[in-house]
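Let me begin by presenting the structure, written as structure tokens, before commenting on it.
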């Protein structure tokens, strides 16, 4: 779960004295939107994004088919003039969860990873996090997702796991989400099988409620308004 | 009445998936006795299984994969690559008999001996990829038939309609870059059902972009949604493609009474889907339809659904 395992290590970088046209070409060539700016010794001194470029270059520059024709009208701007300097960074031993929360909080698309000397070690982008969570969800492998409603008390998951294991079914992942009813949780086992008929029946026979798939959610807040919610 | 073939062979029952497995020999027995009871057998031209030549299987599957499959069966192991894929000593031979039967049926249709055909085979095929078994499938019967038809009759536009409730990942992957085969699938949305592929944005690759069409359906939806898909999407797309022959991956597990899915299609819904497929075949393919059994696990509903499917094929 450490960012050092999920980050992009071969980072495309640029020097502070480069022209921003070069930055734009590098981004297009590598299909990326963030370029860390480093000193020759690897020290991270800034970041330049495609949004920085869009603000610095005239709109027509992006529309023309042959940017070379427009070159003379674009004044030479150095990377260091427009780069962001006060960067939010990660350390290699920060976790994926740290990265997720920090990206959500700072609203950036990528975070540079630096060692304790400030040297660039990698970059974690939203894309890297997506890849990690596709892996966590297990959806790259063939399987079937179930949604099970359980009481929020100790031992519920064990019984579910036992029932599924008795059917010799492997797990791709198990997610536990908040449910809108108080004292209830929704458990989502992703099972690496096509054959869920028997296991569904066994779960029902053991008193579990299988959630209607149309009522599944992973990312919504409870349906009911909190009791003390302000009314307007 | 059309000259409709019916491929069935008792040997297909020998693929033993053990107790409690939904893809069981009883499925075919139920289909056969259903046709018998309805008096339909006498209206059909019966076809038997025959061994497929290896060159046709190898036209789709990797040699090493075929060898692996063969040796697993012969070793007496009872599963292959995943616990789902239960098998027995005979499975390899039975899978070859399924392919061979479908190829023979295809030949009869392509040569005009038959107008159309329904192949009641086991094991099913549409999940099997070139080098991987999956979801009870080992050899991709319909994909091998498509390659056979391309190569023996030089057909340039083959339509495959897959209405099994699960996405036919195998068939899609085999033809995704091939514009001479149009793979069209309606299935339960992959976020809710096996195998987790067949999203609407999967449209083929390379030269095949635009020749794969996936229409995921949400749990609980049924006849209304399928009718609308057939009218507003399938029919116009196939009218444009004008397939020279229609292949059908006929899975009957989208039925409301089939526990393998959350889709609520009724027998009338299946009728509507099949009638539209027949319309396309009559309009563009000289009526040629090769329909091959995939899933469908409700022993109570299978006879009714297959009888219905065959009555539509027989209709002039």
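Mind telling me which of the residues B:149, B:155, B:144 ends up being assigned to a loop (DSSP other than H, G, I, E, B) and in contact (Cβ under 8 Å) with a residue 40 or more places away in the chain?
Every option except B:155 fails the conditions.
Looking at region B:209-227, which of the residues that are outside any loop (DSSP other than H, G, I, E, B) and out of contact with any strand residue (DSSP E or B) (no Cβ under 8 Å at 6 or more places or on another chain) is surrounded by the fewest Cβ atoms within 10 Å (Cβ to Cβ)?
Residue satisfying both the conditions and the ranking: B:224.
Within region A:7-31, track down each residue that is in contact with a strand residue (DSSP E or B) (Cβ under 8 Å, 6 or more places away or on another chain) and either outside the structural domain of residue A:82 (by TED's automatic domain parsing) or part of a loop (DSSP other than H, G, I, E, B) (or both).
Matches in region A:7-31: A:7, A:9, A:11, A:12, A:13, A:15, A:16, A:17, A:18.
Go through region A:172-201 and give me each residue that's within 12 Å of chain B (Cβ to nearest Cβ) and either in a strand (DSSP E or B) or over 28 Å from residue B:197 (Cβ atoms) (or both).
Matches in region A:172-201: A:172, A:173, A:188, A:190, A:191.
Going through region B:181-208 one residue at a time, which ones are more than 14 Å from chain A (Cβ to nearest Cβ) and outside any loop (DSSP other than H, G, I, E, B)?
Residues satisfying the conditions are B:181, B:182, B:183, B:184, B:185, B:186, B:206, B:207, B:208.
Just the residues that are over 29 Å from the mean Cα position of the chain (by Cα) and modelled with pLDDT under 90, please, taken from region A:69-93.
A:69, A:70, A:71, A:72, A:73, A:74, A:75, A:76, listed by residue number.
Residues in region B:244-252: is at least one under 13 Å from residue B:276 (Cβ atoms) and more than 14 Å from every other protein chain (Cβ to nearest Cβ)?
There is at least one residue in region B:244-252 that is under 13 Å from residue B:276 (Cβ atoms) and more than 14 Å from every other protein chain (Cβ to nearest Cβ).
Could you tell me which numbered condition residue B:133 fails, if it satisfies all but one of (1) away from chain A (no Cβ under 14 Å); (2) closer than 18 Å to residue B:54 by Cβ?
(1)
Condition test on residue A:161, is it within 14 Å of chain B (Cβ to nearest Cβ) and in a helix (DSSP H, G or I)?
No, not satisfied.
Please verify whether residue B:310 is touching a strand residue (DSSP E or B) at 6+ places or on another chain (Cβ under 6 Å), touching a residue at least 60 places away in the same chain (Cβ under 8 Å) and assigned to a helix (DSSP H, G or I), treating the condition exactly as stated.
Criteria met by residue B:310.
Can you find, within region B:11-29, the residue that is nearest to the other protein chains (Cβ to nearest Cβ) among those that are buried (at least 19 other Cβ atoms within 10 Å of the Cβ) and touching a helix residue (DSSP H, G or I) at 6+ places or on another chain (Cβ under 7 Å)?
B:22
Please name all residue pairs, on different chains or six or more residues apart, with Cβ atoms under 6 Å, provided the first residue is in region B:209-223 and is more than 14 Å from chain A (Cβ to nearest Cβ) and the second residue is modelled with pLDDT of 95 or more and surrounded by fewer than 18 Cβ atoms within 10 Å (Cβ to Cβ).
What qualifies is B:209/B:203; B:211/B:179; B:212/B:203; B:223/B:266.
For the structure I just gave you, tell me whether residue A:103 is closer than 30 Å to residue A:13 by Cβ, more than 14 Å from chain B (Cβ to nearest Cβ), surrounded by 15 or more Cβ atoms within 10 Å (Cβ to Cβ) and touching a helix residue (DSSP H, G or I) at 6+ places or on another chain (Cβ under 7 Å).
For residue A:103, the condition - closer than 30 Å to residue A:13 by Cβ, more than 14 Å from chain B (Cβ to nearest Cβ), surrounded by 15 or more Cβ atoms within 10 Å (Cβ to Cβ) and touching a helix residue (DSSP H, G or I) at 6+ places or on another chain (Cβ under 7 Å) - is met.
Just to be sure, is residue A:117 away from chain B (no Cβ under 14 Å), touching a residue at least 12 places away in the same chain (Cβ under 8 Å), part of a loop (DSSP other than H, G, I, E, B) and over 30 Å from residue B:135 (Cβ atoms)?
Yes, satisfied.
Checking the structure you have, find out if any residue of region A:202-213 is out of contact with any strand residue (DSSP E or B) (no Cβ under 9 Å at 6 or more places or on another chain), over 25 Å from residue B:81 (Cβ atoms), within 14 Å of chain B (Cβ to nearest Cβ) and in a loop (DSSP other than H, G, I, E, B).
yes
Out of curiosity, is residue A:154 within 14 Å of another protein chain (Cβ to nearest Cβ) and either at pLDDT below 90 or surrounded by 20 or more Cβ atoms within 10 Å (Cβ to Cβ) (or both)?
When the stated conditions are applied, residue A:154 does not pass them.
Please pick out the residue among B:239, B:178, B:279 that is part of a loop (DSSP other than H, G, I, E, B) and modelled with pLDDT of 95 or more.
That would be B:178, the only listed residue that is part of a loop (DSSP other than H, G, I, E, B) and modelled with pLDDT of 95 or more.
The values are calculated or read from the model by the stated rules, or taken from the named source; none is laboratory data. It should be emphasised that the depicted structure is a prediction, and the values quoted were computed from it without experimental measurement. Methodologically, a virtual Cβ is constructed for each residue, glycine included, from the backbone with ideal geometry; neighbour enumeration extends over all protein chains shown.
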